[in-house]
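J.: Let me begin by handing over the structure; questions about it come next.
No value in this document is a laboratory result; all are computed from the given coordinates. Computed from a predicted structure; not experimentally measured. Cβ placement follows ideal geometry from the backbone for every residue including glycine, while neighbour counts extend to all protein chains displayed.
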Amino acid sequence: MLVLAVAVLCFAGFAPAEEGTPGKVPQPAKMKPADILQLYAPYVVMVRDGEEQPPQADQQPRRFMMRQNWKMGVMVNDGIFMYPIEVRMRAYMKTRMQPGDVQVETVAFANGKKAVGDEVGMRIAFGLGFASVEIPEGAGVVKLDTEKQVKPSVGDTVYLIGRRGEEWKFTPYFLPAVVNGELDYKGTKLYSLTLPQTQLQQEGMGALVVREDGEVLGVVSRVDGKRYSVVVVPLAAFKDDAKKALDAPEELDQFDDLPDMRVPRVPGRRLGGGF
């Protein structure tokens, strides 16, 4: 009888813990990458900034140098699209724009339709811009819910949901990544992801970041090529800015708020970039 009792106790020790047992951490159900891509591809659009607003009749057109590359963006409010900006490039453009100039943003939707809107403001600290766009009928874009907060753990696998360039007809794709750390920016928690190559990082600018369980973490706003990482701004960090972009855009950072990053003149030398 003693041997039988010991055997029963040993077997009980190896028995799996029941649901709700103290100390057991429930694991979220995982979704297939293909299902995540199908679910969130309608959220992602392509944004091309850098086009100058057509001059008025009494104005002379100005030509200035600016790359016109496509990046991903998401709709964060009614008619408001958010996308990553290149602060250094725009600060360079400060020498070629006048106060009050409005940047025009072109948004390309999944069905091939395009629309043009005005930049309404930025969040310089996070490298994010906001544009107001009149959405064409049948665009099929879905607004991102910024109220839900998701907190990942270091080591979690996430997926970047984005779109290819115009030559590939903005076909959606996903990239797997790993959360490699938490970043504290003036009290705001950001996250860092590991991607294998710098080229993949560039493709991920503005991509939607989704956990394996299908919950949205945030968007990619910066690339760190030296460390093969990208920086993700979580939903909680820009949900207030999404509201301001629609109701009070003047409270966002404006073009005149950009720091002056011009290269100083060097006597006797001609610097590139027109300085």
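J.: What net charge is computed for the residues neighbouring Leu160, neighbours being all others with C-beta under 12 Å from the C-beta of Leu160, Lys and Arg scored +1, Asp and Glu -1?
T.: Local net charge: +1.
J.: Simple spin-label model, 7 Å along Cα-to-Cβ: Thr188 to Glu250 in nm?
T.: Simple spin-label model gives 2.2 nm for this pair.
J.: Just list whichever of Lys32/Lys239; Lys71/Lys114; Lys114/Lys169; Lys30/Lys71; Lys148/Lys186; Lys148/Lys243 have alpha carbons separated by over 18 Å in the model shown.
T.: Listed pairs above 18 Å: Lys32/Lys239; Lys30/Lys71; Lys148/Lys186.
J.: Output wanted: per-residue J couplings in Hz (rounded whole) for the stretch 203-219, from phi through Karplus 6.51 cos²θ - 1.76 cosθ + 1.60, θ = phi - 60°, x for Gly and Pro.
T.: Running phi through 6.51 cos²θ - 1.76 cosθ + 1.60 with θ = phi - 60° gives 5, x, 4, x, 5, 7, 9, 10, 6, 5, 8, x, 8, 7, 8, x, 10 Hz.
J.: Now for a different question. Can you tell me the FRET efficiency between Asp257 and Ala34 if r is taken as the Cβ-Cβ distance and R0 is 30 Å, rounded to the nearest 0.05?
T.: E(calc), rounded to 0.05, equals 0.10.
J.: Under the Kirkwood approximation applied to all pairs of distinct alpha-carbon atoms, what is the hydrodynamic radius of the stretch 98-204 in Å?
T.: Evaluated over the stretch 98-204, this radius sits at 16.7 Å.
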